1. Based only on other Cβ atoms within 10 Å, what is the fewest-to-most ordering of 53, 186?
2. Quickly work out the residue 10-to-residue 40 label distance, labels modelled 7 Å from Cα along the C-beta direction, and quote it in nm with one decimal.
3. Using a Gaussian network for the chain with springs between C-alpha atoms less than 10 Å apart, which of these wobbles most: 14, 178, 78?
4. Can you show me the helix-derived [θ] at 222 nm for the chain, built from DSSP H runs with n ≥ 4 at -39,500 (n - 2.57) apiece and divided by the number of residues, rounded to the nearest 500.
5. For the stretch 4-130, treating each Cα as an identical point scatterer without solvent, what Debye log10 I(q)/I(0) comes out at q = 0.18, 0.19 1/Å?
6. Set the Förster radius R0 to 25 Å, insert the Cβ-Cβ distance between residue 216 and residue 162 as r into 1/(1 + (r/R0)^6), and round the FRET efficiency to 0.05.
7. Between residue 233 and residue 72, what is the label-to-label distance in nm when each label sits 7 Å out along the Cα-to-Cβ direction?
8. Write down, largest first, the equivalent ellipsoid semi-axes of the stretch 62-125 in whole Å, where each equals the square root of 5 times an eigenvalue of the alpha-carbon gyration tensor.
């Protein structure tokens, strides 16, 4: 089966040339010219790797890379005209897997893509196994990441929306660490349209009503004023 690449590039000429070259190398290719189109494609199709330009008309590519990385381990190669070291370091720090500056040799790009896909495949089985066995127990609650379920102290299943579940899982994965609203936004954002900071406060409030003994005096998900939220109980 052909590997599926998503090329995110707003320059039509560069986009078409790159697509033609990668298709000739036996890749399946989808195209996006904006951040909104990119996120919509990732949510609706099975993508194996993203080739991401940073200078998009509606959103900075670094922000998009951060959003994708908060939600998945999807391989990302940044393709950009930005040559400054600070941009390269910022992209790699956010979680991009590779970085090429324009103009680049397409043969080199193909080698980098194949190498990155090979590494991703070798780690995919372990990652899937980890997700299936990722279970968090706290204060009588059991959060099953693989089964996407939350069970209460009396073995009662508690219903969570996808955003509520992603929020709770993100907090449980980092007990006693303060997570900023921006970090949590990246973790829960699944739609093409970027959510607002207010969404995190609403989601936290909703989750607290489902898991806290007294939602008005929370002990599990606590607020760190001016910083964000913290999962303040022990996770087993």
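1. The most exposed by this proxy come first: 186, 53.
2. 1.6
3. 14
4. Dividing the helical sum by the residues of the chain leaves -14500 deg cm²/dmol.
5. Listed by q, the Debye log ratios stand at -0.97, -1.09.
6. Computed FRET efficiency for residue 216 and residue 162: 0.45.
7. So the two model labels end up 3.2 nm from each other.
8. So the equivalent ellipsoid measures 20, 17, 8 Å along its semi-axes.
Values in this text are rule-based calculations from the coordinates and carry no lab data. Nothing here was measured: the structure is a model prediction, and the numbers come from that model. Backbone-built Cβ (ideal geometry, glycine too); neighbour counts: all protein chains shown.
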